[in-house]
Amino acid sequence: MARISPLVAVPPLAFAALAGMFLWGMGRDDPNTLPSAMVGRQAPAVPLTTLPGKTQLTDEMLRQPGVKLVNFWASWCPPCRAEHPTLTDLARRMPVYGVDLRDNDANALAFLDQDGDPYAAISTDPKGRAAIDWGVTAPPETFIVDGDGTILYRFAGPLVREDYTGRFLPELEKALAAED
């Protein structure tokens, strides 16, 4: 009588494990949302440097009454350029603060001169240290911050199209409603 090797069971077991992982992944709430350990916590310190001729972003500004946005951006970042008109529109409704990430001052200023400056105040983060403290993975990233300086929501990626209207805007409206 021929003996069957236990190794015959390896491929079906590997397939079952892989199928189980896929099923688990499809059942998550929103697989496109990157979790943030910063939500519900006080906003970390912002760098004490700014672009020449611009208003310096301060920690006190993040703790002033009202909802505000903190946007990590760079002139070399194509998605940052794509979301720029959205930030300009949002700046008409609330303070939008910028943190210029790993950028050359001259390039950042040229970008803002060319496309407009939606930022009420700016910090520069030339080495990316503040971005690490905020949990930023890559620009652009935008944070909704309440009047106490608490981070309410983190949005990774450009504020454009369906991502903006379907994911970011509902969170912003919720934050503004809670403020009233």
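The values are calculated or read from the model by the stated rules, or taken from the named source; none is laboratory data. In this text, all values refer to a predicted model and were calculated from it rather than measured experimentally. Here the Cβ positions follow ideal geometry from the backbone for every residue, glycine too, while neighbour counts run over all protein chains shown. To get the accessible areas, we keep the full protein, side chains included, count just its heavy atoms, and leave off ligands, DNA and RNA. Shrake-Rupley method; radii C 1.70, N 1.55, O 1.52, S 1.80 Å.
With a ≥ b ≥ c the root eigenvalues of the C-alpha gyration tensor of the stretch 44-116, is it rounded (a/c under 1.5), prolate (a/b larger than b/c) or oblate? Spell out each step's value before the answer.
Details: a/c = 1.87, a/b = 1.24, b/c = 1.51.
In terms of gyration-tensor shape, oblate.
Please compute the per residue accessible area over the stretch 125-180 with all protein chains in place, 1.4 Å probe, rounded to a whole number of Å².
Each residue of the stretch 125-180 exposes 48 Å² on average to a 1.4 Å probe.
Cross-link partners among lysines for residue 127, C-alpha distance below 24 Å, same-chain residues fewer than 8 apart left out?
The qualifying lysines are 54.
If we sort 54-61, 95-102 on the protection proxy, mean other Cβ atoms within 10 Å, highest first, what's the order?
95-102, 54-61
With a/c under 1.5 counting as rounded, go ahead and sort the stretch 32-175 into rounded, prolate or oblate using the C-alpha gyration tensor (a ≥ b ≥ c being the square roots of the eigenvalues; past the cut-off, prolate if a/b is larger than b/c, else oblate). Could the numbers behind the result be given before it?
Numbers: a/c = 1.38, a/b = 1.18, b/c = 1.17.
Rounded, because the longest to shortest axis ratio a/c is under 1.5.
Describe numerically, in nm with one decimal, the distance between label points set 7 Å from Cα along Cα→Cβ at residue 177 and at residue 41.
2.8
Between the helical axis of 78-90 and the dominant principal axis of the chain, each derived from Cα atoms, what acute angle in degrees is found, rounded to the nearest 10?
50
To the nearest 20 debye, what is the magnitude of the charge dipole of the chain about its Cα centre, counting +1 on the Cβ of each Lys and Arg and -1 on the Cβ of each Asp and Glu?
700
Multiplying the sequence separation of residue 94 and residue 82 by 0.36 nm and subtracting their Cα-Cα distance, what value in nm do you get? Please list the in-between numbers first.
On the way: separation 12, 0.36 × 12 = 4.32 nm, distance 1.99 nm.
Value of the extension gain: 2.3 nm.
Counting only protein heavy atoms, what percent of the accessible surface of the chain is carbon or sulfur at a 1.4 Å probe?
Answer for the chain is 60 percent, counting heavy atoms of protein chains only.
If you take the square roots of the eigenvalues of the alpha-carbon gyration tensor of the stretch 97-150 and sort them as a ≥ b ≥ c, do you get rounded (a/c under 1.5), prolate (a/b over b/c) or oblate?
In terms of gyration-tensor shape, oblate.
Angle between the Cα long axis of helix 105-115 and the longest principal axis of the chain, 0 to 90 degrees, nearest 10?
For helix 105-115, the angle is close to 80 degrees.
Cut-off 10 angstrom, C-alpha nodes, Gaussian network model of the chain. Which of 140, 158, 65 fluctuates the most?
Among 140, 158, 65, the largest mean-square fluctuation in the Gaussian network model of the chain belongs to 65.
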